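Taking it in order: structure first as structure tokens, then the write-up.
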Amino acid sequence: MLNARTLKHHWWHVSVHYLTDVVLFCLAFLVGIRLRFAGEWNLLLITPLQYAPSILLGSLTFASCCYIMGFYSPQIYNLNLFKRALMILLAMLISLVVMTGFFYVNYSTRIGRGIMLYSGTITFLTVLIHHGLIIRNLQNYKERIALVVTCEPDEEELRLFNDFWGQHLELVGIIHSDNYKPKKQFKILGPTSKIHEIVQREEIDRVVCANKSFADSTLYRDFCGLRYSGILVMPIISLFEEVYQYVPIELMSYDWLMNASASPQMIYIKKIKRGFDIGVSILGLIVSSPIMLISIILIKLTSRGPVFYTQIRAGRFGRRFKMIKLRTMYVGAEGNGAVWSAENDPRATPIGKILRRYRIDELPQLVNVLRGDMSFVGPRPERPEFIKQLSAVIPFYQERLMVQPGITGWAQVNYPYGSSIDDARKKLEYDLYYMKRMSIFLDLFILLDTVRTVIRGGVKKQHIGLKYLSPVKNTENKQSENADENIVSTPHK
């Protein structure tokens with residue numbers, strides 16, 4: 001059953017349902033084996049252990065397909081059960097194909113057609129029930145929220161409710177400090193001196209406030225009392241993180257940065273993440289080598305110039321390195337200087353457009369990962385001169401240099417190609433979220449999101465922004481997020 005506690009932690013919610021599908025898949029095969037070999041007790045004891053590797057591989061493939069299809073994302077909860085059933089069936093078929101192919105690697109794991117039929121049917125039905133319950137619970141769920149205001153600037157944050165609150169969040173009203181009278185036309189629930197009574201009377205699930213409210217000693221004691229009573233209390237920036245998984249720069253503070261910088265565990269950054277990068281990049285080079293070979297041939301046949309190019313980018317702490325990519329633009333495309341790279345950039349060759357759309361041009365960067373210049377997952381590396389320019393107009397931009405840059409990242413799977421300084425600003429909001437919550441589990445989910453992005457040929461999601469705050473205006477200085485192929489000024493060898 002979904003409730004406020006599971007909804008408030010997006011990745012906890014995703015992990016629980018992902019693992020639930022894995023368990024349902026495995027249990028279905030145990031039942032399928034029981035039905036297939038009913039009465040043959042010797043086989044009932046040996047067969048599950050023999051088939052375990054294949055079943056585990058199939059279960060992870062199945063749950064990963066469900067994640068790639070967006071089943072654990074709030075954006076797809078409106079998908080009706082019939083369409084979801086068809087997509088579950090597709091995920092089931094893909095996992096069965098993977099299991100069938102696995103026996104060529106280890107023949108002893110080969111599962112017969114009878115078990116496949118029984119188990120596949122049971123998996124489909126049980127998983128369909130599971131996802132039906134998710135849809136029903138979310139359709140009936142509303143979390144009641146009250147906002148604490150202590151001054152007029154706090155009231156400005158109420159404008160967020162017009163653009164921000166999702167279908168499962170309901171603004172009940174505002175609670176004001178005893179010495180402040182609200183000026184906006186919102187439902188007034190009462191003063192903060194009666195906050196405990198208000199929360200109980202209005203059945204509030206969560207109290208949201210401005211960061212500075214925690215500095216008020218009286219309010220802080222009241223908030224502590226609410227927290228120990230089971231009521232969630234948090235600044236509005238934290239609610240943004242939980243609902244949309246990014247950090248609005250307009251609400252950022254140095255306190256938030258200090259707390260965020262202490263979140264990633266050093267052992268993960270130094271040891272586990274590096275080992276993860278090496279393993280994934282070696283596997284990626286092996287798997288993608290035929291694709292890169294075909295791409296190299298097509299680039300050579302369709303346009304003059306080098307196949308690869310290298311470019312200086314800024315790594316962790318601003319250390320410079322040469323990043324490798326496949327060339328996607330015509331020679332001389334930036335004769336008038338670097339400009340923003342767009343999704344349908346006219347400077348790209350026909351083959352280059354395809355390589356960009358499906359991120360194939362990024363594959364040579366696996367070599368950068370092996371060298372240690374980059375990580376597999378992290379903020380995209382930028383040119384040093386552009387970092388200096390963007391830092392001058394985007395607050396906290398240099399914070400993204402505190403972690404290793406990556407081939408893919410949370411910003412890349414959530415926001416489409418950037419074409420302005422404002423786009424760079426919005427991508428930074430996703431990068432900051434990743435930097436605070438980076439972990440092996442988040443990296444794995446980002447890899448699955450990357451597969452979805454490649455299959456779809458790009459990101460289609462819309463960024464939920466703060467419309468009441470002025471965006472960064474585009475300037476005459478146009479920089480390219482990728483700064484692709486500055487071939488005239490720096491020939492690629």
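Values quoted throughout were computed directly from the atomic coordinates according to the rules given, and no laboratory measurement underlies them. These numbers come from a predicted model, not from an experiment. Methodologically, a virtual Cβ is constructed for each residue, glycine included, from the backbone with ideal geometry; neighbour enumeration extends over all protein chains shown.
Table for the structure above
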item: Stretch gain in nm, segment R201-V287, where the contour uses 0.36 nm per residue and the Cα spacing is subtracted; result: 25.0 nm
item: Charged-residue dipole, Cβ positions (Lys, Arg, Asp, Glu), the stretch 266-456 about Cα centre, Debye nearest 20; result: 360 debye
item: Label point distance in nm, N211-Y180, each placed 7 Å from Cα along Cα→Cβ; result: 1.6 nm
item: FRET efficiency estimate (nearest 0.05) - Cβ-Cβ, L128 to K271, R0 25 angstrom; result: 0.05
item: Only Lys, Arg (+1) and Asp, Glu (-1) charged, at Cβ; the stretch 143-243 dipole about Cα centre in debye; result: 280 debye
item: FRET E, pair R221, Q139, Förster distance 35 Å, beta-carbon r, rounded to 0.05; result: 0.40
